[in-house]
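Notes follow once the structure below has been shown.
Derivation of every value follows stated rules applied to the coordinates shown; laboratory data play no part. The structure presented is a predicted model; accordingly, all values stated were derived computationally and were not measured. Cβ: placed from backbone, ideal geometry, glycine included. Neighbour counts: every protein chain shown.
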Amino acid sequence: MRNTILALSFLALSAACSSSKPAMVLGEPKAATPRETLVNLMAGTGSPREVRVEGTITDVCRSKGCWLMLSDGKESMRVSVKKCGEVAVPVSSIGKRVAAYGTVERKTISEATAKHYAEESGGDPGKIVGDQVVIAMTAQGIEIFE
């Protein structure tokens, strides 16, 4: 009987944790989007694909809220908002858990764009030399959790 009660308690706790509701929803998250880890995405070289990826917000565009940096503690990826101007990620979301839904692709960005990104993130644009190959997401939807 005691084991049954413990098992039921564990199942109830697991269900509660996996169904946590986001504190903020931006854009249009697609529930049926396949979940992928950031580590796998950063190692990938395939064609653009629709995914859901989760992590922690480590930085946000301070100008318009049009991008965020998503990290899993090992890897980081820039997530641009598809509808910049209509959807803005608040600076107050830095440090919060996030699920981003969108298209991930490997692409080449110009040296000027890479330097601009470095400046926006408080990095050193002087360290950027030449075009850069990056893996990035354009998000249709973002869920931010407390």
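The C-alpha atoms of the chain define a longest principal axis, and helix 111-120 lies at about 50 degrees to it. Charge dipole (Cα centre; +1 on Lys/Arg Cβ, -1 on Asp/Glu Cβ; no other charges) of the chain amounts to roughly 340 debye.
Given an 8 Å cut-off on Cα distances and at least 6 residues of separation, report the relative contact order of the chain as a percent.
29
First check a/c for region 22-145, with a ≥ b ≥ c the square roots of the eigenvalues of its C-alpha gyration tensor; if it is under 1.5, answer rounded, and if not, answer prolate when a/b is larger than b/c or oblate otherwise. Taking the square roots of the gyration eigenvalues as a ≥ b ≥ c, region 22-145 is oblate.
One chain, two ends: residue 37 and residue 94. Fully extended at 0.36 nm per residue, the span grows by 18.5 nm beyond their Cα-Cα distance. Kindly flag which residue pairs out of 30/82; 30/64; 21/74 have an alpha-carbon separation exceeding 21 Å in this structure. In this structure, 30/64; 21/74 lie more than 21 Å apart at Cα.
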